[in-house]
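Undergrad: The structure that follows is given in the form of structure tokens.
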Amino acid sequence: MTGEKDPIAIVGAGAAGIMAARRALELGGMVLLLERNPKPGLKILISGGGKCNITHAGSPDELLRAFPRNEARFLKHSFFTLTGGGVTRAVERAGVQTLVRPDGRIFPARGSAKDVLSALLAPLGVPSCTLTPGTRVTSLVTRDGCAAGVRAGERLFPSSSVIVATGGASYPETGTTGDAYRWLAHLGHTIVPLQPALAPIGVDPPTPREWRGVALRGGRLSVHSGERRTSSWRGDILFSHEGISGPAALEVSRAAARALEQGPAHLEYDLLPAEEYPELDAQLTGRIRSDSGKTIATLLEEFLPRALIKPALEAAGVDPAKRGYALKREDRRTVVRLLKAFPLGRISRVELTRGEVTAGGVSLAEVNPRTMESRLVRGLYICGEVLDITGPVGGYNLQAAFSTGYVAGEAATQAWLTHAPEASPVREKESQC
């Protein structure tokens, strides 16, 4: 209606969008929160295996060191504006107790992502906030280089302050199908090519059925392109129907995808990263001498899960039934190499849709890090996973979404409070889905 101020339009009710709405309401703004799914926060519900790794207990500087340097520079203002402690306190004020694990990851004490989502949504149940689930935005509307609203099918929602918090293109079943990349590219934004991150890694030959569910712990997973190691991460891996999963696999998956683009690549796992080849050789020799009557397969049970030993030895050309006293020097060295570079297979795929987050996205050079406002379209704010930001496992990515959403909500509301009410704008330029 003419003379009434249109609300701040927030597209996407995930971590970034919910936090943007919370901050806008705190500052006295009116909010229209548009969500394509039947319910908000679906990706929050599946995060951390349904337990929701809310954030990390490190200081802002410690969290920033987990990101690539250019991303850390961009996130610095956001991380200091809304810290991990700020997120934790917000959840706890709503009655959800949290716990800090030894590795610094913060989870709800009851292990329920539903509790976290309910706590985050609680402040949105006020008259000044309208949540419209089941509303799929199809385009962004601008006028004279300024945000003018969003369109959902034939329906126009006018607004001079629009926040895009749609997430990336991973797990499309949660609604993150990458629509916003097309809208923003149409408005002139550069989209850094999308890549999977924090994803399982497919291997060839496929993981044997009897290996599935078996974990290797405490070692170092490496990505090799030809003879060159391109990335590595110390942590556990898990053999699954998808290939190689677990914390270490998720961490190197982005590098694995890049390596695969360049040509053949493979994975190796160092089961004893603290041991050098000579020390391990001496250790194995000592074991063989003290238990020379045992088979090499039995001796390796100290280092490898039983299900893996026989096929791994056979693939390496060592008879699993051979007794220690009969083991030749070259066989022993083959076993040492097996422990230091356990072959996991050639990398066959790393799927964008299976990643916990999307690498790539809106170029950070085109967004103001102090406000999250587009440098190309006034009144348009971009936050969360749709940006070219990717952190490691451990609550870093949710914190980035919360912090950038908070800053976007604050800046958009400050602009909205000073914007005079006007009639619904006449569309001049509309992004396309």
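The values are calculated or read from the model by the stated rules, or taken from the named source; none is laboratory data. Predicted model only: the values in this text are computed from it and were never measured. FYI the Cβ positions are ideal-geometry reconstructions off the backbone, even for glycines, and counts take in every protein chain you see.
One line per residue, one yes/no per condition, for (1) in the same structural domain as residue 141 (by TED's automatic domain parsing); (2) closer than 27 Å to residue 300 by Cβ; (3) touching a helix residue (DSSP H, G or I) at 6+ places or on another chain (Cβ under 7 Å):
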{"residue": "204", "(1), (2), (3)": "no, yes, no"}
{"residue": "209", "(1), (2), (3)": "no, yes, no"}
{"residue": "214", "(1), (2), (3)": "no, yes, yes"}
{"residue": "244", "(1), (2), (3)": "no, yes, no"}
{"residue": "257", "(1), (2), (3)": "no, no, no"}
{"residue": "261", "(1), (2), (3)": "no, no, no"}
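Undergrad: Taking the stretch 48-76, which residues are among the hydroxyl-bearing types (Ser, Thr, Tyr) and surrounded by 22 or more Cβ atoms within 10 Å (Cβ to Cβ)?
TA: 55
Undergrad: Hey, another quick one. For the stretch 74-172, give me every one of the strands (runs of 3 or more DSSP E) that falls completely inside it and has 3 or more residues that are in contact (Cβ under 8 Å) with a residue 12 or more places away in the chain and more than 21 Å from the chain's Cα centre (by Cα).
TA: Output list reads 129-133, 139-143, 146-152, 155-158.
Undergrad: Looking at the structure I just gave you, is residue 64 out of contact with any Pro (no Cβ under 6 Å at 6 or more places or on another chain), under 27 Å from residue 371 (Cβ atoms) and of a type outside the set (Phe, Trp, Tyr)? Spell out the reasoning first.
TA: Numbers: out of contact with any Pro (no Cβ under 6 Å at 6 or more places or on another chain): yes; under 27 Å from residue 371 (Cβ atoms): yes; of a type outside the set (Phe, Trp, Tyr): yes.
Yes, satisfied.
Undergrad: Only one of 180, 199, 248, 152 is modelled with pLDDT of 90 or more, farther than 28 Å from residue 307 by Cβ and buried (at least 23 other Cβ atoms within 10 Å of the Cβ). Can you tell me which? It would help to see each step written out before you state the result.
TA: On the way: 199 fails: farther than 28 Å from residue 307 by Cβ; 248 fails: farther than 28 Å from residue 307 by Cβ; 152 fails: buried (at least 23 other Cβ atoms within 10 Å of the Cβ).
180 is the lone residue from the list that is modelled with pLDDT of 90 or more, farther than 28 Å from residue 307 by Cβ and buried (at least 23 other Cβ atoms within 10 Å of the Cβ).
Undergrad: Condition check: touching a strand residue (DSSP E or B) at 6+ places or on another chain (Cβ under 8 Å) and of a type in the set (A, V, I, L, M). Does residue 284 satisfy that? Talk me through it step by step, then tell me what you get.
TA: Values: touching a strand residue (DSSP E or B) at 6+ places or on another chain (Cβ under 8 Å): no; of a type in the set (A, V, I, L, M): yes.
No, not satisfied.
Undergrad: For residues that are crowded, with 17+ Cβ neighbours inside 10 Å and either assigned by TED's automatic domain parsing to the domain that holds residue 211 or hydrophobic (A, V, I, L, M, F, W, C) (or both), tally how many sit in the stretch 295-333.
TA: Matching residues across the stretch 295-333 total 12.
Undergrad: Across the stretch 259-279, which residue is farthest from residue 345 (Cα to Cα) among those that are surrounded by fewer than 18 Cβ atoms within 10 Å (Cβ to Cβ) and touching a strand residue (DSSP E or B) at 6+ places or on another chain (Cβ under 8 Å)?
TA: This residue is 273.
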